[in-house]
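The values are calculated or read from the model by the stated rules, or taken from the named source; none is laboratory data. Since we're looking at a predicted model, the values are computed, not measured. Every residue, glycine as well, gets a Cβ built from its backbone with ideal geometry; the counts of neighbours run over all protein chains shown.
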Amino acid sequence: MTQDRKTFVAWLQAAPMMLVFALFFLLPLLFVTIVSAWDYNEYEMIPAFSLRGYTDTFEGCIADLPNLCTILKTYLNTLKLCLLTWGLTLLIGFTVAYFLAFHVRSKTWQIVLTLLCTIPFWTSNVIRMIAWIPLLGRNGLVNRGLEGAGLIKQPLEWLLFSEFSVVLALVHLFTFFMVVPIFNSMIRIDKRLIEAAYDAGASGWQTLVNVIIPLTKPGIVIGSIFVITIVMGDFVTIGVMGGQQIASAGKIIESRLNALQFPAAAANAVILLGVTILIISALTRIVDIRKEL
Amino acid sequence: MTKSSKLGRSISRRAMLKGTAGAVSLAAGSGMITGFPYIHAAEPKVLRYLGTAVNEGDEISKKCLEDTGIKIEYITATTDDVTKRVITQPNSFDVLDTEYFSLRKLVPSGNIFALDAKKIKEFGNITPVFTKGQLPNGKKIGDQGTAPWKVLYLEGANSKTFSKTPTEFVTLIPTVYNADTLGIRPDLIKRPISSWTELLNPEFKGKASILNIPSIGIMDAAMVVEASGQHTYADKGNMTKPEIDLTMKIMTEAKKAGQFRAFWKDFNESVNLMASGETVIQSMWSPAVTKVRSMGIPCTFQPLKEGYRSWASGFCVSKAVSGPKLDWAYEFVNWYLSGWAGAYLNRQGYYSAVLSTAKANMTADEWGYWMEGKTAVNDIKAPDGTILEKAGAKRDGGSYDDRMGAVACWNAVMDENDYMVRKWNEFIAA
C-alpha cells in the first residue's frame, strides 16, 4: 500500500513536466512526422500518403554514384563543421573549466569569471555575427593589421564567408555550452583524490589523464551533446558566416519551408532528427551518463 | 524517467526545434489570432497591414492616420514569411502588401479577397504598365515571368482562376514597383559595365554576389546566361527542367571557381557587402544603391543593354475581412493611390502606380529628376530630408520610360518551382 502510494506520488510529481513534454514536444513531433509523409503542391499540403518528401531528398544517391548526391554532400559537410566545432569547443571549454575549477581559489571569482564567459550572449545572435564582418572582411581590422605589419600583400579572402569563419563563429558562440557542464563535473571532484595522486608520485599530466579526465567524462559528454545538437541543426550562423554558400542540413529545411514545401521540409527534419539521435546514442554508449551522475 | 534520458530527449528536441520551428509554430499558431467582431460603431479604425519592411514607412502610417483616421498596424516579415502567413494564418492580418509573383501561390489558396475595381477611385488612372503591359506612350514591355497584367484580374468574385481579359475583380491593387539591375562600385571597377555577363566575369572573382531567394536568383542567372549567348529562354520566368539544369550548371561552375563572395537575402546585407567593398558587382535594389551613396561611397545602379528584371507589389485584403473593416480597407487603398504616398515612394527611387496624383504631390524638379531623367536643378532630398543627390545629378538609367520600357522579365514563380528549389540546394552543396 505505501509502496503504491509512493509510486503514485512520484508520478504526480513528474506529471507537470510530462504534460508539458507531451504537449509541446511529443505532439508537434508526431505532427511533423505525419506531415512528412504527405503530398504537397505550390500552396498547400495534401493529406494523402506520399513519400515524395523523402524520395526527392535522396534523389540521385544511387544514380549519381560514385559522385555523392546533394543530401550526402550536405550531411558530410555539416558533420565536418560539427566535428571541427566540437573538437575546438572541447579543447577550449576543457581548458577554461580546468582553470576555473582548479586555479581560481575563491568562489566569488569563480562565479565572476563564469559570468564573464556569458558575454557573447549579451547581444543578439545576428548582431554577434555581423560584428565579425568589420573584423575579418577584405578591408577589415585583421587584414589591415597584417598588411600594415607587412606580413601579407593581398588581403586574405578566406577569413570571411568561408568554413574558417563559420567554425570561428560557432566556437565563439558555443564554447560556453562546453564550459558549464565540464566545470560542474570538475568542481565535484573530491580534492583529496588529487592530493592522493600527488602523494603517490603522479606527475601533473598523469593526474590529468588518469584522475581528472575520467571523472569529468559526464560533463564532457553533456557538453558534447549540447554542441553537436545545436551545430547539426544550425542554419543561421552557417548562412551568415558562410555567405549563404555553405550547405548545411538546416539550410535545406529552410529553403524548403520558404518555398512552402512543408512536407518536404518535415521529411528533412525527420532525417536530421534521426541522424542527431544516432550521434547522441553513440555518445551515450561510450559514456553511460546515467551511471555516472 | 531518469535524469539522463530526460536530458537526452530535451536536447534532441532542441535540434528538432531548430529545423522545424517554422512548421510547428505555424501549425500551432494558425487560427489562434482571429479578428474580433467589431460591434461598437465608435471603435477606432485599425487595419493590420502585413508586408515586408520595404514599404512599411512610419511616415506613411502617420500621414494616413492624419488624413483618414485609420490606424495602420504594421506586421513585418520577409517576402517568404509573408506568403507563408497568408496561407497558414489568413485571420492574422487585414490588408496584405505582397508581390504579384506570389499570387500564383496565394490565389489558389482561396485566402485572398478579390477587390472591386469600381470602388477604387483611381483605378482607371493606374499606369498601363499594370493593366496592359505597356508604357503610357504605348510601347510594349517585356512579359517574361509573372508579369502583373497576367495575374491582375480574376474570373469572378470567388474565382481561383486568373482572367485573361479585364474584369472588375482585381487581385492586387498596384502600389509600388521598380526595374532592378546590377549595382556596381565604379570606383573599384574603373571601367564601363554594360552587360549582365559581367556578373560572372572572372575579373570580379570573389567580388560578385546575387540574391539568395532561389526564384529571383535564378532569374538574374538567366539574364547572364542569355547575355553570354549560351542559351535563349522562351520564358526566363518559367524554365523547363533542362533549362533549370543548364542555368544551375553555369552557376555551379562559377561558384566552384570562387566567383561569389556571398549571397544576400536582406536589404541591409546588400548595403553592407557593397559599402564594405566585399563585393563590387551584385544584384541590388534601387534604395539600397541610394543608401550606399548616401554613406558617401560611389555606387551605380547600372543600366545594362539586356534590360531589367522587374518586380511589382500591391494591396489586397484577407478573405476574413468583412463589414466596416472592408470599407476602411477600400478607404486606405484609395488614400494610398491619392498621391501623397505615391510621391513618398517616388522620392525613394521606387515608382508609384498612379502617376498623375503622385506628380501633383512632387515639385517639378523632383519629378524631373526621378521620373523624367532630367538633371536635378536643386539638391534632391530623401523623404526624411537628407540630401541624396547634389544639384546637377542625373538618375541612373534615365527616365521612367527608359527604365520601365527596358524591362526584360518579371519576378516569377515557375511551374517547375519544386524542381528548381531542389536544384538550388544542390547548387549550395556544390
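For this structure, a couple of remarks:
- Scanning segment B:150-176 for residues that are under 17 Å from the mean Cα position of the chain (by Cα) and either modelled with pLDDT of 95 or more or farther than 24 Å from residue B:417 by Cβ (or both) turns up B:173, B:175, B:176.
- Residue count, segment B:297-349 (criterion: of a type outside the set (Lys, Arg), touching a residue at least 60 places away in the same chain (Cβ under 8 Å) and not in a helix (DSSP H, G or I)): 26
- Matching residues, segment A:230-258, being touching a Ser or Thr at 6+ places or on another chain (Cβ under 8 Å) and farther than 21 Å from residue A:160 by Cβ: A:232, A:233, A:249, A:252, A:253
- Condition check for residue A:80: in a helix (DSSP H, G or I), of a type in the set (Lys, Arg) and away from chain B (no Cβ under 13 Å): no
- Residue match in segment B:350-357 (condition: surrounded by fewer than 17 Cβ atoms within 10 Å (Cβ to Cβ) and part of a loop (DSSP other than H, G, I, E, B)): no
- One residue stands out in segment A:240-252 among those that are at the interface with chain B (Cβ under 8 Å from one of its Cβ atoms) and not in a loop (DSSP other than H, G, I, E, B): the one that is surrounded by the fewest Cβ atoms within 10 Å (Cβ to Cβ), namely A:251.
- Extreme residue, surrounded by the fewest Cβ atoms within 10 Å (Cβ to Cβ), among residues of segment B:395-412 that are assigned to a loop (DSSP other than H, G, I, E, B) and either modelled with pLDDT under 90 or away from chain A (no Cβ under 14 Å) (or both): B:398
- Meets criteria (in contact with a Ser or Thr (Cβ under 9 Å, 6 or more places away or on another chain), modelled with pLDDT of 95 or more and either within 11 Å of another protein chain (Cβ to nearest Cβ) or under 30 Å from residue A:182 (Cβ atoms) (or both)) for residue A:71: no
- Selection status of residue A:290, crowded, with 18+ Cβ neighbours inside 10 Å, among the charged types (D, E, K, R) and without any contact (Cβ under 8 Å) to a residue 60 or more places away in the chain: no
- Exactly one residue out of A:104, A:167 is surrounded by 16 or more Cβ atoms within 10 Å (Cβ to Cβ) and either away from every other protein chain (no Cβ under 14 Å) or in contact with a Phe, Trp or Tyr (Cβ under 7 Å, 6 or more places away or on another chain) (or both): that is A:167.
- Scoring residue B:157 on the criteria (1) touching a Phe, Trp or Tyr at 6+ places or on another chain (Cβ under 8 Å); (2) free of Cβ contacts under 8 Å to residues at least 60 places away in the same chain; (3) more than 30 Å from residue B:94 (Cβ to Cβ) leaves a single failure, condition (3).
- Helices (runs of 4 or more DSSP H) wholly inside segment B:180-269 that include at least 2 residues being crowded, with 17+ Cβ neighbours inside 10 Å: B:214-227, B:241-256
- Residues of segment B:257-278 that are charged (D, E, K, R) and more than 17 Å from residue B:217 (Cα to Cα): B:278 alone.
- Residue within segment A:210-229 that is facing chain B (nearest Cβ under 7 Å), touching a Ser or Thr at 6+ places or on another chain (Cβ under 7 Å) and either outside any helix (DSSP H, G or I) or closer than 23 Å to residue A:37 by Cβ (or both) present: no
- Filter result for residue A:277 (assigned to a helix (DSSP H, G or I) and either buried (at least 19 other Cβ atoms within 10 Å of the Cβ) or modelled with pLDDT of 95 or more (or both)): no
- Scan of segment A:223-273 for residues that are farther than 29 Å from residue A:132 by Cα and aliphatic (A, V, I, L, M), ordered by number: A:259, A:260, A:264, A:265, A:266, A:267, A:269, A:270, A:271, A:273
- The C-beta contact set for segment B:117-146 (first residue closer than 26 Å to residue B:235 by Cα, second residue of a type in the set (Val, Ile, Thr) and part of a helix (DSSP H, G or I), distance under 9 angstrom, 6+ apart or interchain) comprises B:135/B:129; B:136/B:129; B:141/B:129.
- The combined condition, being modelled with pLDDT under 50 and in a helix (DSSP H, G or I), is fulfilled by residue B:18.
- For segment B:213-259, the tally of residues that are among the hydroxyl-bearing types (Ser, Thr, Tyr) and touching a residue at least 60 places away in the same chain (Cβ under 8 Å) stands at 4.
Conditions tested, residue by residue: (1) closer than 30 Å to residue A:77 by Cβ; (2) assigned to a loop (DSSP other than H, G, I, E, B).
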| residue | (1), (2) |
| --- | --- |
| A:101 | no, no |
| A:115 | no, no |
| A:128 | yes, no |
| A:142 | yes, no |
| A:197 | no, no |
| A:201 | no, yes |
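- Meets criteria (under 21 Å from the mean Cα position of the chain (by Cα), more than 14 Å from chain B (Cβ to nearest Cβ), in a helix (DSSP H, G or I) and among the hydroxyl-bearing types (Ser, Thr, Tyr)) for residue A:89: yes
- For segment B:271-288, filtering for residues that are surrounded by fewer than 23 Cβ atoms within 10 Å (Cβ to Cβ), under 20 Å from the mean Cα position of the chain (by Cα) and part of a helix (DSSP H, G or I) leaves 3.
- Flag for residue B:240 being of a type in the set (Ser, Thr, Tyr) and assigned by TED's automatic domain parsing to the domain that holds residue B:144: no
- Residue within segment B:118-130 that is of a type in the set (Ser, Thr, Tyr) and in a loop (DSSP other than H, G, I, E, B) present: yes
- The single residue among B:385, B:339, B:392 that is modelled with pLDDT under 95, out of contact with any Leu (no Cβ under 9 Å at 6 or more places or on another chain), more than 25 Å from residue B:79 (Cβ to Cβ) and buried (at least 19 other Cβ atoms within 10 Å of the Cβ) turns out to be B:339.
- Qualifying residue in segment B:98-108 (condition: over 21 Å from the mean Cα position of the chain (by Cα), assigned to a helix (DSSP H, G or I) and at pLDDT 90 or above): no
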